[in-house]
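The values are calculated or read from the model by the stated rules, or taken from the named source; none is laboratory data. As the structure is a computational prediction, the values presented were derived from the model and not from experiment. Here the Cβ positions follow ideal geometry from the backbone for every residue, glycine too, while neighbour counts run over all protein chains shown.
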Amino acid sequence: MDEFETFDPALFGLWTEAPVYGDAVVMDDSVLSDAVRGVLLEIKSAEGAFSPAEELRRLLNEMTVEMRDQFSTFRRMRTAAEAALTDGDDAAQKLARADVKAATDAMSLIVRTLEKVDSLQRQLARDRDEAAERDADEGGYEEAVREVEELIERRAQERFEKRCLEAGIDIGEPGSAGGDRTASPDTG
């Protein structure tokens with residue numbers, strides 16, 4: 001038994017635009033589940049609506065689906081060729097050996113390609129996360145400082161009003177400690 005017998009191309013899944021947390025949906029019907037995974041929705045009407053990075057993510061997902069299907073095809077072809085190694089004449093066995101080698105080489109190439117696609121998807125996810133952090137940081141600091149200053153100002157005003165009320169000072173009266181100091185007693 002070699003590594004291709006135990007290799008599961010389904011380990012290379014499809015990447016979402018944003019991470020999805022929580023329990024994954026489990027389907028009891030594996031045939032239906034496989035059929036659903038193979039369905040790609042038609043999105044021609046949305047062409048141009050996606051960023052280049054999003055289009056690349058989608059393309060890599062499509063490549064992953066295609067590569068998984070091709071891997072399964074070459075696995076079946078290799079299994080059939082291995083069965084032909086024991087039966088038939090020398091010419092048929094020679095052809096079967098060539099088929100086994102070709103299928104093995106193709107499977108090896110598919111595995112390397114899936115690994116590369118997965119690596120690209122991981123890099124895209126990291127880039128998206130970094131861009132989101134950058135976007136959150138840009139202006140985020142100034143906004144946070146402004147919000148904190150407003151909170152401090154409001155709290156200071158509340159404490160001032162409370163102390164004035166405790167001292168019996170009417171803060172709304174012109175000329176009082178908390179009143180409008182710009183208004184003169186003559187105009188008020």
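Structure summary
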| item | result |
| --- | --- |
| Members of region 151-174 found to be among the hydrophobic types (A, V, I, L, M, F, W, C) and either assigned to a loop (DSSP other than H, G, I, E, B) or in the same structural domain as Glu55 (by TED's automatic domain parsing) (or both), listed by number | Ile169, Ile171 |
| Hits in region 109-150 - residues which are among the polar types (S, T, N, Q) and without any contact (Cβ under 8 Å) to a residue 24 or more places away in the chain | Ser119, Gln123 |
| Residue check for Thr73: farther than 30 Å from Thr16 by Cβ and β-branched (Val, Ile, Thr) | no |
| Any hit, region 99-113, residues being outside the structural domain of Ile171 (by TED's automatic domain parsing) and of a type in the set (Lys, Arg) | yes |
| Of all residues making up region 103-150, the number that are in a helix (DSSP H, G or I) and over 16 Å from Phe71 (Cα atoms) | 30 |
